[in-house]
2 protein chains.
Amino acid sequence: MNVLGKKPGRVVDKPTNPMVTPLLNDLYQFTMAYAYWKAGKQSERSVFDLYFRKNPFGGEYTIFAGLEECIKFLANFTLTDEEIDFVRDSLPGCEEAFCDYLRGLDCSDIEVYAVSEGSVVFPKVPLLRIEGPVAVVQLLETPFLNLINYASLVATNAARHRFVAGKSKLLLDNVAAGRLFGIPLRGTHSHAFVSSFMSLDEIVDKALRSSDGKTTCEDFVSLVQTCLAKIQNSSSLSGIFSETNKSELAAFTSYALAFPSAFLALVDTYDVMKSGIPNFCAVALALNELGYKAVGIRLDSGDLAYLSTEARKFFCGIERELNVPDFGKMIITASNDLNEETVDALNKQGHEVDAFGIGTNLVTCYSQAALGCVFKLVEINNQPRIKLSEDVTKVSIPCKKRTYRLFGKEGYPLVDIMTGENEPPPKVGERLLCRHPFNESKRAYVVPQRVEELLKCYWRGNADEAREELEPLKEIKNRCIKQLENMRPDHMRRLNPTPYKVSVSAKLYDFIHFLWLNEAPVGELH
Amino acid sequence: MNVLGKKPGRVVDKPTNPMVTPLLNDLYQFTMAYAYWKAGKQSERSVFDLYFRKNPFGGEYTIFAGLEECIKFLANFTLTDEEIDFVRDSLPGCEEAFCDYLRGLDCSDIEVYAVSEGSVVFPKVPLLRIEGPVAVVQLLETPFLNLINYASLVATNAARHRFVAGKSKLLLDNVAAGRLFGIPLRGTHSHAFVSSFMSLDEIVDKALRSSDGKTTCEDFVSLVQTCLAKIQNSSSLSGIFSETNKSELAAFTSYALAFPSAFLALVDTYDVMKSGIPNFCAVALALNELGYKAVGIRLDSGDLAYLSTEARKFFCGIERELNVPDFGKMIITASNDLNEETVDALNKQGHEVDAFGIGTNLVTCYSQAALGCVFKLVEINNQPRIKLSEDVTKVSIPCKKRTYRLFGKEGYPLVDIMTGENEPPPKVGERLLCRHPFNESKRAYVVPQRVEELLKCYWRGNADEAREELEPLKEIKNRCIKQLENMRPDHMRRLNPTPYKVSVSAKLYDFIHFLWLNEAPVGELH
């Protein structure tokens, strides 16, 4: 095991998900480790790039996430005896000495360079560069791909939902996420809660102390009924309903007795406008008389644009007719299988929703369930390696590389550029040729106003002092927000966004094409 | 905590994924639990159904899975002090007595009836019926949905892939799955392994003992080269290649030295027909001379139909020309982002693939990332409950129900029927009216030749003896295969499959519509 935690603040925790062990792997990583070991090649110094080939969700940007989990994985990398037994049984003819080798494995010879977590990233540019003994790095491929793929995909999905919802809206998540990551939670109830009530008679403890604690309303149920009658008797409000559902009213009243300061009601169990909204308003008005302020409503079905607009009108009507300040500002929450498209459609129709509960579509990344990162050998024993393919998008960019983001006059990022490790870095104010890695005709001169090196060292074996600290989630989140705001808007729009440019230096371009010609077989016509 | 493990074989393990705790939940479940508790309703006996509304992947069947994990969850259900602290902090105004209530919670008052795991199931028919104190059952909703949704979706996806691949093909998975579930693994190597070699000179230890252990070939590298020359000199085989890639040959030779009895080579790093296949055959022939039998090749890019067919021809050519028995039967494995559609397309074109590696598309359920199960209250305090919706597909079927599958003369399942709990069960040979739950005009008489009750008790609090045993995976798998084989073929076809019929008894139909009329608000025209 790696020696960790020598100074305070440098202890690296275990992976968040205890299922993430070295055995969360493809058999072929162990098969290869064995073959490398048999060939005496296991310690050859290799460099691998982890990158993706295409931005997800039809967009032109991706958010990089999952780095912290990768570093935790490295810090805690060790194979248990039970796991080694399983590997032995899975590899035909496996020699015992290989098991001893596995037993001694750790990540003290590994170096990981990565983009800062939360960064906006683009296809082909390495997110991580992993260096170390080839057999060990190979064992990192599957876990790293698993950790980066989903985290980056879901972070991108979340960013896209935030983008379409707009900054002012609230987006909600579940309890486990709240506990792990401090994401806002909002308590409400389900249809089952409403259905579980029959009538107001069920409510036994009817007393509610006022918000300031000075008085107690002994019969909150009667107060609610009085308020409902008040709405009913207001000529401009009563038009839409005659009688509301009594079991719903009982459920709302009961819920308000439990959460007088956090009353948020699901109003579509029976009929939103004929029952849910008037019932909610009756309870909210009763709470108001005791000094509480209701939070708002949740809509989980139907035409959310129409219903939210009608609900807002009703709330404003109450504010005006019954003279209740701020009643019109009641929070309207929407849930019901929302995603980027439905929120976008709501925006186009016009709506009054303040908060969106994005559930299934966020976590499953329903519209695209995988990012498809790859992990490619780019150098071994100081020899650059290229992976060819008939499909040019699948050709890998060889060499141990450095990567830079170049910014223009307006402050926007203009282009990412990859260079060989030993090339001089791009300089502010100096003209630089940026070339498409594979397309000869695509090239442009750039005079950067600012240059940012993208890959930083996050893991260097035992040498704690030489690497970047893992950042708190808040900093990662702030970086993400800042970088997204700093993108040129045409890269960000939902419809036909402009692809961000990714390039290589002239020198790297030439080298790629030299290698390509050398490696590609020459055809023969028969 | 529930008292478990009183007799051997009845101990229920912890959930496989340690992240599955009661806090893997939506806040609103705790909010509601608090509101039920405040209203003194927390122990009211409730019945919830867990079901889905639509079969996934454009098909007309679903495989039920995840039950074992639900039962493990029930058996181990307990909130830690830390979790209770978090809940307290998340609920505004939460009383300490509620925390005491949570501390004492277990599932000893819960009963769970479920379809047997691995069964073929259909929309609207309950997969689980959960009974117990309403506040506790509510806390099971989110974990159960999480455990059933993904497991059933991925099981259905796997079944669909098996269906389209055909029984005789091998489907492969990764090490973690192999260890957890005993799924077949097949070791091979990646492009990086091939790229990591430069030339045959790198191979230092060239000796290979023969399969029978009687002789040792001191220079396996030379033997491989001799075999390559043999292929090269055979007039009918050499046509497609002049010179093969030497680093690829070195990688294959080295891999064969590590796994002489399990040689499976990835042949598309450079060029499948011009380099990969001849190189593979050279190594396979060399192994053959020492009494080993190579396993085969893996194709990871390009036109898999064409390449597999050409590879097969080449292998058969070797068998014929060089007189090597069975060489033509070499196993051809395909990988490269395969899914149902691509395997189906391969079948239509004709191919020679023996084994498919289905990775990303299987586990992410790429073509449909969520099943969308729901958890609906159907009865509380012996009162049936219905959830209405303007969208008729979202109306729930009320009452504590029994469910049966009715089989016809040919042995196929004909229809599933739901009845009220106390209705007499359908009888073999007796005519029975099966009604569509919502569509008045859809109904049919059925005379079942066999009747199977679908819901069985898998959890009844502390009463171990009264419930079904959890089955080993093998039995679940066999049930699944048997039930799939027993479906009428038109339900199973990929294109325009016939929907399987799901019905309710005449009595339940009448009751649903009686409740519906009572609950639905009557509109007023203004």
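For the reader, a short list of remarks on this structure follows.
- Highest mean packing comes first when the peptides B:242-254, A:404-416 are listed by Cβ atoms within 10 Å, giving B:242-254, A:404-416.
- Relative contact order computed over segment A:284-335 (Cα-Cα under 8 Å; 6+ residues apart), in percent: 43 percent
- Average partner coverage of A:385-393, which counts Cβ from other chains inside 10 Å: 4
- The residue among A:Leu432, A:Leu484, A:Met418 whose Cα reaches farthest toward the positive pole of the charge dipole of segment A:379-526, with charges on the beta-carbon of Lys, Arg, Asp and Glu, is A:Leu484.
- Net charge dipole, the protein assembly as shown: roughly 1500 debye, given to the nearest 20, about the Cα centre with Cβ charges of +1 for Lys and Arg and -1 for Asp and Glu.
- For segment B:14-64, the equivalent ellipsoid derived from the Cα gyration tensor has semi-axes of 30, 18, 11 Å, listed largest first.
- Cα-derived Rg to Rh of segment B:174-357, Kirkwood definition: 0.96
- Sorted shortest first, the distances from the B:Leu515 label point to those of the same residue in the other copies are 6.6 nm; each point sits 7 Å from Cα along Cα-to-Cβ.
- Within segment B:174-357, DSSP assigns beta bridges of which about 20% are antiparallel (rounded to the nearest 5).
- Excluding ligands, DNA and RNA, the accessible surface per residue across chain A is 41 Å² with a 1.4 Å probe.
- Peptide B:196-204 is shielded by partner chain Cβ atoms: per residue, an average of 4 of them sit within 10 Å of its Cβ.
- With coordinates expressed along the principal axes, the C-alpha atoms belonging to segment A:26-168 extend over 61, 28, 25 Å, beginning with the largest.
- Annotation for segment B:51-66 versus segment A:116-159: alpha-carbon center distance of 33 Å.
- Relative contact order computed over segment B:403-526 (Cα-Cα under 8 Å; 6+ residues apart), in percent: 32 percent
- In nanometres and ascending order, the distances from the A:Gln225 label point to those of the other copies are 10.2 (point 7 Å from Cα along Cα→Cβ).
- Each of B:Met273, B:Val224, B:Pro499 was scored by the projection of its Cα onto the charge dipole of chain B, and the greatest displacement toward the positive side belongs to B:Pro499; charges sit on the C-beta of Lys, Arg, Asp and Glu.
- Taking packing as the residue-averaged number of other Cβ atoms within 10 angstrom, the listed peptides A:216-223, A:396-403 run from highest to lowest as A:396-403, A:216-223.
- Rounded to the nearest 20 debye, dipole of segment A:174-357 from Cβ charges on Lys, Arg, Asp, Glu: 440 debye
- Inter-part distance where segment B:279-335 and segment A:288-321 are each reduced to a Cα centre, Å: 71 Å
- DSSP bridge pairs, the protein assembly as shown: antiparallel proportion in percent, nearest 5: 75 percent
- Using θ = phi - 60° and Karplus 6.51 cos²θ - 1.76 cosθ + 1.60, couplings along segment B:505-516 (whole Hz; Gly, Pro as x): 5, 4, 5, 5, 4, 4, 5, 3, 6, 5, 4, 4
- Under 14 Å from the Cα of A:Lys169 - aspartates and glutamates, other chains or at least 8 residues apart: A:Glu340, A:Asp344, A:Glu352, A:Asp354
- Per residue, the convex hull spanned by the Cα atoms of the protein assembly as shown measures out at 201 cubic angstrom.
- Each peptide among A:130-138, B:317-325 gets the average number of other Cβ atoms lying within 10 Å of its residues, and from highest to lowest they stand as A:130-138, B:317-325.
- Averaged over B:60-67, number of beta-carbon atoms from partner chains that fall within 10 Å: 0
- Spread of Cα-to-Cα distances over 5 Å intervals beginning at zero, given as percent, for segment A:285-357: 4, 16, 26, 21, 14, 10, 6, 2, 0
- Cα-centre dipole for chain B with unit charges at Cβ (Lys and Arg positive, Asp and Glu negative), debye to 20: 1860 debye
- Distance between the 7 Å Cα→Cβ label points at B:Arg450 and A:Asn486: 6.8 nm.
- For segment A:391-407, Karplus couplings with θ = phi - 60° (6.51, -1.76, 1.60), whole Hz, Gly/Pro x: 8, 4, 5, 9, 6, 8, 9, x, 5, 5, 10, 10, 9, 9, 10, 9, 10
- Position A:Asp391, label points 7 Å along Cα→Cβ, spacing to each other copy in nm (shortest first, one decimal): 3.4
- Taking every Cα-Cα distance in chain B and sorting them into 10 Å bins from zero, the calculated P(r) comes out as 3, 16, 21, 19, 15, 12, 9, 5, 1, 0 percent.
- Anisotropy class of segment A:431-497 from Cα gyration tensor, a/c 1.5 cut: oblate
- Beta bridges per DSSP with both ends in chain A, % antiparallel, nearest 5: 75 percent
- Flagged links, alpha-carbon separation over 22 Å, of A:Lys401/B:Lys246; A:Lys167/A:Lys313; B:Lys167/B:Lys293; B:Lys124/B:Lys501: A:Lys401/B:Lys246; A:Lys167/A:Lys313; B:Lys167/B:Lys293
- Neighbour-limited loop hits for trypsin sites (Lys or Arg not before Pro), segment B:428-471 (at most 14 other Cβ within 10 Å; DSSP other than H, G, I, E, B): B:Arg431, B:Lys442
- Neighbourhood charge, 10 Å Cβ-Cβ cut-off, centred on A:Ala444 and excluding it, Lys, Arg +1 and Asp, Glu -1: +4
The values are calculated or read from the model by the stated rules, or taken from the named source; none is laboratory data. In this text, all values refer to a predicted model and were calculated from it rather than measured experimentally. When we count neighbours, we look across all protein chains shown, and the Cβ atoms used for this are built from the backbone with ideal geometry, even at glycine. These area figures cover heavy atoms from the full protein model, side chains too; ligands, DNA and RNA do not enter into them. Shrake-Rupley method; radii C 1.70, N 1.55, O 1.52, S 1.80 Å.
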